[in-house]
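Below you'll find the structure, written out as structure tokens, and then a few comments.
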Amino acid sequence: MDKMEPQLQGCIGLRWQVTIPILLSWLCHSVSGQIHYSIVEEMRKDSVIANIADDLGLDVKQLSSRKLRIVSRASEKYFNVNVDNGNLYIRDRIDREILCGRAASCFLNFDVVVVNSFNNFKIKVEIQDINDNSPEFLYDKTVLKIIESTAIGTKFVLHSAEDPDIGSNAVQSYKLSDNQYFTLTENIRTDGSKFPELVLEKALDRETQDIHELILSAVDGGNPIRSGTTLLMISVTDVNDNSPIFTQDMYKVTLKENIPVNSTVIILNATDIDEGINAQITYYLNKISGNIHHTEIFSINPNTGEIKINRNVDFEVTQNYELSVEAKDGGGLVAHCKVLVEVIDENDNPPEISIISLSTPIPEDSAPGTVIALIEVHDQDSGDNAHVDCKILEDVPFNLLASDTYYRLVLKSTIDREEISSYKITIMATDRGPPPLSSRRKITLEISDVNDNPPIFAESTYVTYVQENNLPGASVFSIQASDSDTGDNAKISYSISIVITEMLSVSSYLSINIETGVIYAQRSFDYEQNKEFMIVITASDNGFPSLCSNATLFIHIVDQNDNAPKILYPSPESGGLVLFEMVPFVSEPGSLITKVVAVDADSGHNSWLSYQFIQASYPSHFMISERTGEIRTSRSFQEKDTMNYKVVVMVKDNGDPALSATATLGLIIADDVQQFIPKLSNKMQDEETQNNLQLYLVIALALISLLFILTVMVVIISKCKQPKPSPAFSSLTTNLYPPIDPKTFSMYSDGSLPFPYAYNVCVALDTSEGDFTYRNPNGNVAVENLIDADNTKQGTESFKDVSSNIEQG
């Protein structure tokens, strides 16, 4: 161990592992940025090589989260890393002879990649040979023919034993069983391998003994020592005393991969100075150690020694071939040589692009420099043929950063999903071989949305008009906002900011559907109370954090003609009494008597008022201004004129339909009130009697109409549903009205007025006129005969006004 100390300086760590009965060891050190481990072949499966986390300076607790892994096309099946403890384990049996043959050194290379930090480390594992193979001869039995005349001291080259091991574990010496005729010597080829030679020590006599059987042993230098044997059967013959001789004992040939099949590799030439059949040489290809035989790839012409290729060779599969050629003459003497074939690489493999890790979708708010993917580029060729350059073909906000055979795809500039939601990029890898080969890999990168756009209204201010007296729950307006984000970030909800009006909050008048933005009326609007609403509508998205924007909506209430004119003078609070105005008898035409004052709560055309008389005695004495409501005299009064006038003024607005109100005025023509008081008292008593009579008539007509309606209903129900008349009304139907055919209404009469005449009650303005009159069924009643609706509730007080006819009576 003391002698090894200088070699261990600068190493990351040293481990020893002992297996029975072989001592296994490995040694690590850092060479040119690589971690170098040295192990012996045939280590058991799951054996620990080293703690790679300690050697790389990594925290064992973070190996799993940082995704440490082995990346290699050839070494992954032999090694694995336990991310829980950081140990590097043997995953499968390692046979140095299978991996590297008889090469002087044998290495397995792989990368340790830490994905999350995008770091990679080069690991180089040297496979140390152990003595796990015994020397083996080509044949279990070798027949050697020797002419009996062979001189003492003649040497015969024997087949050497093959041992796949190297160094001291390879064949070190040969031994021959005890005999009196032959001894054994060893010779060394130019490659350092030993081969045995049989030396004749005593003259042969075929007649005495024609067959000699000897045991040839090959011994290696391993611990423990291994050996192999073959049986030498020496047949003593006559005369052929010269063996074939090659010009060289080893030939070296180079071949380009993909050389055409049936091409000549080399032509071997062996000579024999004998004559005749003893000089006729035949060539053979022999198999070498183990089961390795190259006759599938190479063939030799037995007569000419020309070696040809049977199928294509691939540098990426095998870079070297070792052929063993035997030349045998007609007498059975042989010569051996080796042919080493080296395959030269050609650029026949395009680069391979592998995606080690990929982060997609990419948030649109990712900062420039963010690593998106880790890409490995590998070319199976060698030299310049394996040097690869990568680039992105499209003009995209991404860039490739090289690190040995790895590339990092990073964000070059800011991205916006609302402009471009995904990128399709093509990565092209091109090697430097002649001619260069390239490959492409397409990657789709999706951009994920971030809530960076608030909802937007088409306008900042909206105006709508709604007629008053609308139905509660009716749709008033629909407002929409748009959001260029997607998913929940684009889901918009609407709300009304509470703006207080003069009376109530907006929420008591209006509501909004939070999903559709449709605004509904909570109650019926009244233009006379609220002429306008101003509300602020907020559109908020569902992102985090939520973004919002506002729009202002002005709702103008459109007036309807729903208010009749209101008369302020004469005051409607007079209890139904007719107001009297004194008109001086000496008034000049055009003199102002009084003025009817009215207002309308509506607006615009609906509040334009016009004034006119609808009931007046001798209206030619007075006139009213249609616009102002002023009542003036139209001519001078005379002694014969009536001294008391009753006028009904109708105030009508300009709506559609028009609404109106009436006011009744009494105009007394007198210079002194005392002149009219006696007549006024008498007239009031007459009017009271007349009013009572009218009340009785109205009640009688109502009862008659009710009975008639009930009778018609009973007749219809009895005919539609029952064959018999209803018992409840049978007597009533029989007694009150005889059966009537509806088709004969116009011809039938039972003493009542014939259809379609109707009862109309009119009040005579003169006591001398009758109480009842029959009216024509057209229903057009003269304005002068209408009863003022405002006076019906006051009984006899409604007729305090006295007509001119009563005055004269």
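Here are a few things to note about the model shown:
- Residue, nearest to Leu579 (Cα to Cα), within region 601-654, restricted to residues that are open to solvent by less than 50 Å² (accessible area, probe 1.4 Å) and assigned to a helix (DSSP H, G or I): His621
- Restricting attention to region 134-149, the residues being touching a strand residue (DSSP E or B) at 6+ places or on another chain (Cβ under 9 Å), open to solvent by 40 Å² or more (accessible area, probe 1.4 Å) and not β-branched (Val, Ile, Thr) number 8.
- Taking the criterion of being more than 30 Å from Ala490 (Cα to Cα) and assigned to a loop (DSSP other than H, G, I, E, B), the residues of region 532-567 that qualify are Asp559, Gln560, Asn561, Asp562, Asn563, Ala564, Pro565.
- Checked against the criterion of being under 26 Å from Ala50 (Cα atoms) and part of a strand (DSSP E or B), the candidates Val143, Val125 yield just one match: Val125.
- Annotation note: Cβ proximity below 6 Å between a residue of region 693-719 that is open to solvent by 50 Å² or more (accessible area, probe 1.4 Å) and a residue that is not in a helix (DSSP H, G or I) (sequence gap 6+ or interchain) occurs for Leu693/Asp771.
- Selected residue (criterion: least open to solvent (accessible area, probe 1.4 Å)) from residues of region 590-600 that are closer than 19 Å to Leu665 by Cα and in contact with a Lys or Arg (Cβ under 8 Å, 6 or more places away or on another chain): Ala598
- When region 146-182 is filtered for residues that are modelled with pLDDT of 85 or more, part of a loop (DSSP other than H, G, I, E, B) and in contact with an Asp or Glu (Cβ under 7 Å, 6 or more places away or on another chain), the ones remaining, listed by number, are Thr150, Ile152, Leu158, Ala161, Tyr181.
- Pairs, first touching a residue at least 40 places away in the same chain (Cβ under 8 Å) and surrounded by fewer than 19 Cβ atoms within 10 Å (Cβ to Cβ) in region 469-484, second of a type in the set (Phe, Trp, Tyr) and assigned to a loop (DSSP other than H, G, I, E, B), C-beta under 9 Å, six or more apart: Asn469/Phe525; Asn469/Tyr527; Asn470/Phe525
- Condition met for Lys77 (under 21 Å from Asp379 (Cα atoms) and exposed (fewer than 15 other Cβ atoms within 10 Å of the Cβ)): yes
- Here no strands (runs of 3 or more DSSP E) wholly within region 392-464 include at least 3 residues being in contact with an Asp or Glu (Cβ under 8 Å, 6 or more places away or on another chain), open to solvent by 30 Å² or more (accessible area, probe 1.4 Å) and of a type in the set (Asp, Glu).
- Single match in Ile277, Ile245, Ile300 (criterion: surrounded by 14 or more Cβ atoms within 10 Å (Cβ to Cβ), hydrophobic (A, V, I, L, M, F, W, C) and in contact (Cβ under 8 Å) with a residue 40 or more places away in the chain): Ile245
- Yes/no for Ser357 being more than 30 Å from Thr154 (Cα to Cα) and assigned to a strand (DSSP E or B): yes
- Failed criterion for Glu197 (all others in (1) under 21 Å from Ser134 (Cα atoms); (2) among the acidic types (Asp, Glu); (3) open to solvent by 70 Å² or more (accessible area, probe 1.4 Å); (4) without any contact (Cβ under 8 Å) to a residue 60 or more places away in the chain hold): (3)
- Scanning region 311-332 for residues that are in contact with a helix residue (DSSP H, G or I) (Cβ under 8 Å, 6 or more places away or on another chain) and open to solvent by less than 20 Å² (accessible area, probe 1.4 Å) gives Asp329, Gly331.
- In region 223-242, the residues that are modelled with pLDDT under 90, more than 22 Å from Ala270 (Cβ to Cβ), among the hydrophobic types (A, V, I, L, M, F, W, C) and open to solvent by 40 Å² or more (accessible area, probe 1.4 Å): Ile225
- Residue among Arg66, Arg102 that is closer than 17 Å to Asn169 by Cα, in a loop (DSSP other than H, G, I, E, B) and not polar (S, T, N, Q): Arg102
- The residues on offer are Asn116, Asn120, and the sole one that is open to solvent by 10 Å² or more (accessible area, probe 1.4 Å), at pLDDT below 85, closer than 30 Å to Val410 by Cα and not in a loop (DSSP other than H, G, I, E, B) is Asn120.
One line per residue, one yes/no per condition, for (1) surrounded by 16 or more Cβ atoms within 10 Å (Cβ to Cβ); (2) acidic (Asp, Glu); (3) modelled with pLDDT of 80 or more; (4) in contact with a Pro (Cβ under 6 Å, 6 or more places away or on another chain):
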| residue | (1), (2), (3), (4) |
| --- | --- |
| Ile20 | no, no, no, no |
| Leu24 | yes, no, no, no |
| His29 | yes, no, no, no |
| Val48 | no, no, yes, no |
| Asp54 | no, yes, yes, no |
| Gly57 | no, no, yes, no |
| Arg69 | yes, no, yes, no |
| Ile94 | yes, no, yes, no |
| Gly101 | yes, no, no, no |
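- Those strands (runs of 3 or more DSSP E) of region 190-305 in which at least 3 residues are within 60 Å of the chain's Cα centre (by Cα), considering only elements entirely within it, cover 250-256.
- Candidates Asn169, Asn131: the one that is surrounded by 16 or more Cβ atoms within 10 Å (Cβ to Cβ), among the polar types (S, T, N, Q) and touching a residue at least 60 places away in the same chain (Cβ under 8 Å) is Asn131.
- Test: Ser587 is touching a Ser or Thr at 6+ places or on another chain (Cβ under 6 Å), surrounded by fewer than 16 Cβ atoms within 10 Å (Cβ to Cβ) and modelled with pLDDT under 90: no
- Residue list for region 503-562, filter: out of contact with any strand residue (DSSP E or B) (no Cβ under 7 Å at 6 or more places or on another chain), among the small types (Gly, Ala, Ser) and open to solvent by less than 30 Å² (accessible area, probe 1.4 Å): Gly543
- Failed criterion for Asp92 (all others in (1) in contact (Cβ under 8 Å) with a residue 60 or more places away in the chain; (2) in a loop (DSSP other than H, G, I, E, B) hold): (1)
The values are calculated or read from the model by the stated rules, or taken from the named source; none is laboratory data. None of these values were measured; they are calculated from a predicted model. Backbone-built Cβ (ideal geometry, glycine too); neighbour counts: all protein chains shown. Note: accessible area is taken over every heavy atom of the protein model, side chains too, but ligands, DNA and RNA are not part of it. Shrake-Rupley method; radii C 1.70, N 1.55, O 1.52, S 1.80 Å.
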